[in-house]
């Protein structure tokens, strides 16, 4: 006997209510595949600005094939892997010692998906000295569209490791040659990556207060003490700043040392105190480390370690942060745009609502502007690395990177937040959307390698040191090209001439973002 209509309704209500108690209830057959497909299939080929920028180098066929491969991976494999790596049960953890209590608190377990991506990137050859710079940072850009995902810190640090060994290392030192040989000859089956440890508990960003000791041991050193923020500690080689007991008490007493994580197959004199529980970049292991006689060799002059670390290694990471900020905005717009053109509410596509459409247009414009600025920053910075670079090029690049990192990372979080709000409830659900991860990672991006106020202050002091006062017009016209205006020149001259340090710093805080906006606007026009 068939149930009456009211009985069927009551039964349906009961089934739906039972869902609250974990019992099966009917589900709506809603299909999100249209949204997923709208995100694209090759994020290199489908990004016209990125393609136009890389084409300036007329890359080789082998490089084009690599970009095509990574573009497809970005739109598929890397999405899946980054989601897996961020799952709570897959986050980094300190490995327990074996049954014989060997190597306690020295190893970190990462999910296999992270190792696969690391092998593909570091084994691809992108750190070879002859690899095209634009193609290199196009790959960095594609990676960063997924947030940190346990990979991009390693990418930035390995770039810095390769550059500092080539620029500051003794080319006749067999230890330097061995590391560079492993970088240049890397394959997916045999590759290495780097890390950099500067921060200590007592100083934070004030690295001149480093107290970690580097005690001589023949032609090498033994490190004793603590480092407070050590990211990517699964790396094969760590660049570490440490103070020589017999050196000056200021920054000149700090040397830069390359420390292999393993020596003769065993942990090289260190112990992990604990992993940091960070707001973002959760797939990246960041730890406090106790050095207990770790062996390392110097990179560059012993009295210039901190200067070398900042000028080469940290500056490289800051450029990566600029690229990462732009890539995060590109992904945020990609997600919001795909969802708004897929989702229907109140009988219309979300993208048809004027206020939402205006927000999408603003996100697209911000992503374009940030990307153009990041690409131009890469070009100006790498041009300054040429030994034949002019004084003007080196001065501009030094100031530019500090401003670009500060400004671009500061504005990323609110833009990603806006994208989350456009997607709505699904936009704040970690398993549905990448946007919460990008939002959390953006906060870390702004913090790493110098926060906003520190970098703007550094840029201001660098301008005084590099003799920009009195030649402001020359400086801005060189860097901003035809985007330099008389007003910007006058305002910069007024800032640099201001005798009241408080007034000067506050005025500079207002001016610096406008200078970078002019730079981005010029860069965007060149890629139109």
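The values are calculated or read from the model by the stated rules, or taken from the named source; none is laboratory data. Because the structure is predicted, anything quoted here is derived from the model rather than measured. Every residue, glycine as well, gets a Cβ built from its backbone with ideal geometry; the counts of neighbours run over all protein chains shown.
State the number of residues belonging to the range 115-153 that are farther than 17 Å from residue 66 by Cα and surrounded by fewer than 24 Cβ atoms within 10 Å (Cβ to Cβ). Summing the residues that are farther than 17 Å from residue 66 by Cα and surrounded by fewer than 24 Cβ atoms within 10 Å (Cβ to Cβ) in the range 115-153 gives 1.
Looking across 53, 78, one residue alone is buried (at least 20 other Cβ atoms within 10 Å of the Cβ), under 21 Å from residue 364 (Cβ atoms) and touching a helix residue (DSSP H, G or I) at 6+ places or on another chain (Cβ under 9 Å). It is 53. Among the residues making up the range 268-285, those that are buried (at least 19 other Cβ atoms within 10 Å of the Cβ) and at negative phi are 268, 270, 272, 280, 282, 283, 284, 285.
Just one of the listed residues (407, 378, 423) is in contact (Cβ under 8 Å) with a residue 12 or more places away in the chain, part of a helix (DSSP H, G or I) and more than 22 Å from the chain's Cα centre (by Cα), and it is 423. The set of residues in the range 381-392 that are within 27 Å of residue 127 (Cβ to Cβ), in contact (Cβ under 8 Å) with a residue 40 or more places away in the chain and assigned to a helix (DSSP H, G or I) comprises 381, 382. The criterion of at least 3 residues that are under 25 Å from residue 266 (Cβ atoms) and either within 18 Å of the chain's Cα centre (by Cα) or at pLDDT below 95 (or both) is met by the following helices (runs of 4 or more DSSP H) wholly inside the range 93-194: 112-122, 152-168. The single condition among (1) assigned to a strand (DSSP E or B); (2) in contact with a strand residue (DSSP E or B) (Cβ under 6 Å, 6 or more places away or on another chain); (3) over 20 Å from residue 128 (Cβ atoms) that residue 201 does not satisfy is (1). Based on what the data block shows, is residue 166 in contact with a helix residue (DSSP H, G or I) (Cβ under 9 Å, 6 or more places away or on another chain), surrounded by 18 or more Cβ atoms within 10 Å (Cβ to Cβ) and not assigned by TED's automatic domain parsing to the domain that holds residue 292? Here the answer is no, as residue 166 does not meet what is asked.
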